[in-house]
Every structure is written in C-alpha cells, then in structure tokens.
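**Q** I'd like to ask you about the structure that follows.
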Amino acid sequence: MKKNIIIITGPTGCGKTALSLVLAKKMQGEIINADSVQVYKYFDIGSAKPTTEQLAQVPHHLISILEPGEEFNVGTFCKLADDKILEITNRKKMPIVVGGTGLYIQSLVNGLAEIDDVSSEAQDKLKVIEDNIIASLDIAVANKNTIIFRSKLHNYLNSIDNAVANSVNPEDISRVRRAILVKLSTGTSILSYQKLHSHRDKNYNAFIIILLPQRELIYKLVDERVREMMDKGFLAEVEALREKYLNEAFKIKPFTSIGYKQIMQFKDGNLDYSDVVRDIQKETRRYVKRQFTWWKNQPVKLDWSECTSKLNYTFANIDFEKIVEDVEKIYLEYEWQRDEQGIKFLPIIMT
RNA sequence: GCCCAGAUAGCUCAGUUGGUAGAGCAGAGGACUGAAAAUCCUCGUGUCGGUGGUUCAAUUCCGCCUCUGGGCA
C-alpha cells in the first residue's frame, strides 16, 4: 500500500516554515526539506533556512547535508527523500515534505524517468565539444552566454539527436546540455526515456498544501525579507564563503542562486552596492512568479485530482494554529483508499 | 518678475522634415522529466501637459495657460 505524505509548498517567503513547524507538532510529523539550496551547508541566511531554534523544535531531514561543491539534483533528492519517508513512516511518524522547489516535489510524487547517471566520459566529451566551439569563435563572442555559442551547441545536438533538437529551444542551454549528455552517455534519446515514463506513476498518497498569497502581498513580504537578510549579515555570509572557495566559486552551484549571485557580482565590482538589494528583490519577485506559474498549471497537467476544498485567510492577523486545525480536519476527512490518483491538492489563499 | 530648457507607456527617455508613435527598465503570461533559487519563450493604445489658432490633417508649427528643472535679477 502506498504511503501517506503531506507536502507544504508555495512561493518563497510565504510562511512554509512557520506552518510546517506547527503542523509537524500537531501531527507527530518530521520535516523533509525540498529546497534545492537549503540542502547545502553554510548557505544559511540567503536560503532562508529555519533557525537553529526552529530546527530543534521538530526533527528535520535533508537540510545542510552537503558541502557546497557536492553534486546534487532531482534524482538524488528523490532517492534520499524516499529513504527518509520510509524511515519516518516505520517510526510511525508523519513525513512532511516542505519546500519551494516544484520540480523536486513533482518528481517525488509522480516519479522520474529512469535514466542512468551520465558517465564521466560523456561529461568530458561535452566539455571538449564546448571548448572546440569556443576556440572556433571570434574572441568578441567566445563566451557561453552568446547566441552564436548556443546555436552551435544546438547544432551539435541536432547532429546526434534530431528529435530532441527540434523540441528544445536552441537558447535553452540547460536542456541542450542535458540532452547531449544523455545521448552520449546512454546512446538513447532523452525523449524515449521521457515517453516511457510520462508522469503516470504515483508513488505516494500525497496531500499537497500549497500556500498562495495574493501577488501584491507576497511581493511586499519578499521585499521585507530581503532587507531582513541584509540585516542578519547576508553580506558577511557571502564574503566568508567567497574567501573560503575563492577560485572554485564559479563551479559551486549554490553561488548561482538568487542573492548569492548578486552579492558575488558586487564583491567582484560588477554591481553597485545601491543596486544589490534592489536586484535581489527583483530576482526574487521573478522567481515567485515562476513558482506561481508552476503550481497554477501543475495539477491540471499532471492530472491530479481536483481540490475539493480551499481555505482563505487574511495575512494581517494570520494564525498558524487555526490553519493547522482546518488543514487537519480536511486531511482526516479524506479517504485515501477510495481515491484512484492518491493525490489531493489543498490551496490556501492568503490576502 | 525676466530668460532658457523640458512636459510622450508605471519609470527613464527616443521619435515623427505635419499623416495619432518605440526602446530600455519595471511589469504580465507561458514552458519546465537529474544544474530547477537553474534555463528559456511570448507580450508595448498611450487623452504624445491643457487650451485656442494655422492646415485637408497637429503629438509635431504658432499663441496663451499650467507644472517641473536651470539661470538672471
């Protein structure tokens, strides 16, 4: 029988942490982190990790488990989270997955195409190919951010895997690279793997609580939160990490995330101090927008059962105890066994 | 009070030798199957400050008015 899990997600800064603590205490839960930056050690302030006091209140998993240079991706997340869910369930506790990384949650619930890890040979080969492209370009455009570089890489993909090349935008370097790597490594097109999987499998009975603050409200919360991060010493945190990793920094993934990226640019002298806060706020707003798009369309696209309930609150006098009471009632009313999909979606609107 | 320069998209501005306009930023919508806080796609109608005049036609030329800078008394 499928295991029950509760998931709390929503845009950054909407109160997921606060809600998760209250819910975990009430339901004998343990929290599993589903945030792609919080898995890294030392990236604390900028990733808005729960504080030490908060971490002590309830058992937390998959937070600060990696050194910054370590590789991590959706696949790894799913494996680790699956193990934790099993472990927690065996302890007769409720697994509560909390985080804003939509892809992680989707993949945990719906599964992931089964593709072996790409070989290091494939990775080396891609590197050689990219270096050759760079070498063939004029110095002025010999940069991986240029359109010309990207279109040449896309041409290469087209030569080894025409079908994916047609389905991927040439500018979309992440997907172009991934497609090349899979083809080089396995000899099979990534499209074949994806077709085989097609998001049909459901791994858990998942009760997905999604916090949806009104746009203007969340933008205000985001602006405030960025200012708070600066007050808490965000600059110093990045400065210390920068000194620690120096020339390696460009290889370290969490440095490319919002906030860390801008402060690094500032420290390199490529961004004025007056623009740092403004830029971080702006990028966070855009990120929030992407998260909205993701969650707005995900249930329909993945054929999740429609939400039968919806909760509304005003943020000004928000009471997490009350929310948890309401949430628990809905959760208990729900009869998992009778639901074919095993997925329930509970939006919480905040105005 | 006088002189000069402005007033055009939410913001900063470009432009129309007279035929009702377009960039950047901000913003909005979307995609997403092992880098996802990543990566990428699409989207610009606004009394061209108000008013009167010249003209077939005015945001554009002329007059007056209002406001905003700067200068001189």
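**Q** Does A:Lys79 satisfy the criteria of being under 30 Å from A:Val327 (Cβ atoms), touching a residue at least 40 places away in the same chain (Cβ under 8 Å) and open to solvent by 30 Å² or more (accessible area, probe 1.4 Å)? Before you say what the answer is, go through the steps one by one.
**A** Values: under 30 Å from A:Val327 (Cβ atoms): yes; touching a residue at least 40 places away in the same chain (Cβ under 8 Å): no; open to solvent by 30 Å² or more (accessible area, probe 1.4 Å): yes.
No; evaluated as a whole, the condition is false for this residue.
**Q** Here's another thing I want to ask about it. Within the stretch A:159-185, how many residues turn out to be surrounded by fewer than 18 Cβ atoms within 10 Å (Cβ to Cβ) and more than 11 Å from RNA strand B (Cβ to nearest atom)?
**A** Looking only at that region, the number is 5.
**Q** Okay, moving on. Are any residues in the stretch A:84-110 open to solvent by 30 Å² or more (accessible area, probe 1.4 Å) and within 19 Å of A:Leu212 (Cβ to Cβ), and if so, which ones?
**A** Residue satisfying the conditions is A:Leu103 alone.
**Q** Out of the stretch A:37-57, which residues are away from RNA strand B (no atom under 13 Å from the Cβ), free of Cβ contacts under 8 Å to residues at least 24 places away in the same chain and part of a loop (DSSP other than H, G, I, E, B)?
**A** The answer is A:Thr51, and nothing else.
**Q** Determine, yes or no, whether A:Val226 is in a helix (DSSP H, G or I) and under 22 Å from A:Ile280 (Cβ atoms). Give the steps one after another, and end with the answer.
**A** Working: in a helix (DSSP H, G or I): yes; under 22 Å from A:Ile280 (Cβ atoms): yes.
Here the answer is yes, as A:Val226 does meet what is asked.
**Q** While we're on this one: Condition first: out of contact with any Pro (no Cβ under 6 Å at 6 or more places or on another chain) and open to solvent by 10 Å² or more (accessible area, probe 1.4 Å). Now tell me which residues in the stretch A:37-48 satisfy that. Show your work before the answer.
**A** Within the stretch A:37-48, the subset out of contact with any Pro (no Cβ under 6 Å at 6 or more places or on another chain) is A:38-39, A:41-42, A:44-48.
Result: A:Gln38, A:Lys41, A:Tyr42, A:Asp44, A:Ile45, A:Gly46, A:Ser47, A:Ala48.
**Q** Quick check on A:Ile190: is it within 11 Å of RNA strand B (Cβ to nearest atom), touching a Lys or Arg at 6+ places or on another chain (Cβ under 8 Å), of a type in the set (Val, Ile, Thr) and within 30 Å of A:Asp83 (Cβ to Cβ)?
**A** Working: within 11 Å of RNA strand B (Cβ to nearest atom): yes; touching a Lys or Arg at 6+ places or on another chain (Cβ under 8 Å): yes; of a type in the set (Val, Ile, Thr): yes; within 30 Å of A:Asp83 (Cβ to Cβ): yes.
So A:Ile190 fits the description; yes.
**Q** Let me ask you something else. When you scan the stretch A:135-149, how many residues do you find that are surrounded by 10 or more Cβ atoms within 10 Å (Cβ to Cβ), of a type outside the set (Val, Ile, Thr) and at pLDDT 85 or above? I'd like the intermediate steps shown before the answer.
**A** Going residue by residue through the stretch A:135-149, those that are surrounded by 10 or more Cβ atoms within 10 Å (Cβ to Cβ) are A:136-137, A:141-144, A:146-149.
Those still in the list that are of a type outside the set (Val, Ile, Thr) too: A:136-137, A:142-144, A:149.
Among the residues that remain, those that are also at pLDDT 85 or above are: A:136-137, A:144, A:149.
Total satisfying the criteria: 4.
**Q** Can you tell me which residue is surrounded by the most Cβ atoms within 10 Å (Cβ to Cβ) among those in the stretch A:272-297 that are under 20 Å from A:Phe255 (Cα atoms) and away from RNA strand B (no atom under 13 Å from the Cβ)?
**A** A:Val276
**Q** Right, something else. Can you spot a residue in the stretch A:1-17 that is out of contact with any Gly (no Cβ under 7 Å at 6 or more places or on another chain), over 23 Å from A:Asp82 (Cβ atoms), open to solvent by 30 Å² or more (accessible area, probe 1.4 Å) and not β-branched (Val, Ile, Thr)?
**A** no
**Q** Away from RNA strand B (no atom under 14 Å from the Cβ) and either under 23 Å from the mean Cα position of the chain (by Cα) or among the charged types (D, E, K, R) (or both): is that true of A:Lys144 in this structure?
**A** Numbers: away from RNA strand B (no atom under 14 Å from the Cβ): no; either under 23 Å from the mean Cα position of the chain (by Cα) or among the charged types (D, E, K, R) (or both): yes.
No: the conditions fail for A:Lys144.
**Q** In addition: Would you mind stating whether A:Thr101 is farther than 30 Å from A:Leu332 by Cβ and either at pLDDT 95 or above or among the charged types (D, E, K, R) (or both)?
**A** Values: farther than 30 Å from A:Leu332 by Cβ: no; either at pLDDT 95 or above or among the charged types (D, E, K, R) (or both): yes.
Spelling it out, it is not the case that A:Thr101 is farther than 30 Å from A:Leu332 by Cβ and either at pLDDT 95 or above or among the charged types (D, E, K, R) (or both).
**Q** Being over 21 Å from A:Leu86 (Cβ atoms) and not in a loop (DSSP other than H, G, I, E, B) is the filter; apply it to the stretch A:18-36 and report the residue that is most open to solvent (accessible area, probe 1.4 Å).
**A** Only one residue tops the list, namely A:Lys25.
**Q** Just checking, how many residues over the stretch A:199-223 are open to solvent by less than 50 Å² (accessible area, probe 1.4 Å) and not in a helix (DSSP H, G or I)?
**A** Going through the stretch A:199-223, the residues open to solvent by less than 50 Å² (accessible area, probe 1.4 Å) turn out to be A:202, A:204-213, A:217-218, A:221-223.
With the extra rule that they be not in a helix (DSSP H, G or I), the set shrinks to A:202, A:204-213.
Number satisfying all stated conditions: 11.
**Q** Name the single residue that is surrounded by the most Cβ atoms within 10 Å (Cβ to Cβ) among those in the stretch A:244-271 being of a type in the set (Ser, Thr, Tyr) and within 9 Å of RNA strand B (Cβ to nearest atom). Don't jump to the end; show me each part of the working.
**A** Quick first cut of the stretch A:244-271, residues of a type in the set (Ser, Thr, Tyr) only: A:245, A:256-257, A:260.
Still in the list and also within 9 Å of RNA strand B (Cβ to nearest atom): A:256-257, A:260.
Details: A:Thr256: 12, A:Ser257: 16, A:Tyr260: 25.
So the residue we want is A:Tyr260.
**Q** OK, next. Kindly indicate whether A:Asp116 is under 23 Å from A:Trp304 (Cα atoms), open to solvent by 40 Å² or more (accessible area, probe 1.4 Å), more than 7 Å from RNA strand B (Cβ to nearest atom) and touching a residue at least 40 places away in the same chain (Cβ under 8 Å). Walk me through how you get there before you give the answer.
**A** Numbers: under 23 Å from A:Trp304 (Cα atoms): no; open to solvent by 40 Å² or more (accessible area, probe 1.4 Å): yes; more than 7 Å from RNA strand B (Cβ to nearest atom): yes; touching a residue at least 40 places away in the same chain (Cβ under 8 Å): yes.
Against the criterion (under 23 Å from A:Trp304 (Cα atoms), open to solvent by 40 Å² or more (accessible area, probe 1.4 Å), more than 7 Å from RNA strand B (Cβ to nearest atom) and touching a residue at least 40 places away in the same chain (Cβ under 8 Å)), A:Asp116 does not qualify.
**Q** What residue, among those in the stretch A:71-112 that are in a helix (DSSP H, G or I) and in contact with a Cys (Cβ under 8 Å, 6 or more places away or on another chain), is farthest from A:Phe292 (Cα to Cα)?
**A** Within the stretch A:71-112, the first condition is being in a helix (DSSP H, G or I), and the residues that meet it are A:74-90, A:102-110.
With the extra rule that they be in contact with a Cys (Cβ under 8 Å, 6 or more places away or on another chain), the set shrinks to A:104, A:107-108.
Details: A:Tyr104: 15, A:Ser107: 18, A:Leu108: 19 Å.
For the stretch A:71-112, the residue satisfying everything is A:Leu108.
**Q** If you don't mind, another one. Looking at A:Leu311, A:Leu302, A:Leu241, can you tell me which residue is touching a helix residue (DSSP H, G or I) at 6+ places or on another chain (Cβ under 8 Å), surrounded by 13 or more Cβ atoms within 10 Å (Cβ to Cβ), over 24 Å from A:Tyr42 (Cα atoms) and at pLDDT 90 or above? If you could, list the steps in order and put the result at the bottom.
**A** On the way: A:Leu302 fails: at pLDDT 90 or above; A:Leu241 fails: over 24 Å from A:Tyr42 (Cα atoms).
The unique qualifying residue is A:Leu311.
The values are calculated or read from the model by the stated rules, or taken from the named source; none is laboratory data. These numbers were taken from a predicted model, which means no experiment stands behind them. Cβ atoms come from the backbone with ideal geometry, glycine included; neighbour counts cover every protein chain shown. The accessibility values were calculated without ligands, DNA or RNA, using every heavy atom of the protein model including side chains. Shrake-Rupley method; radii C 1.70, N 1.55, O 1.52, S 1.80 Å.
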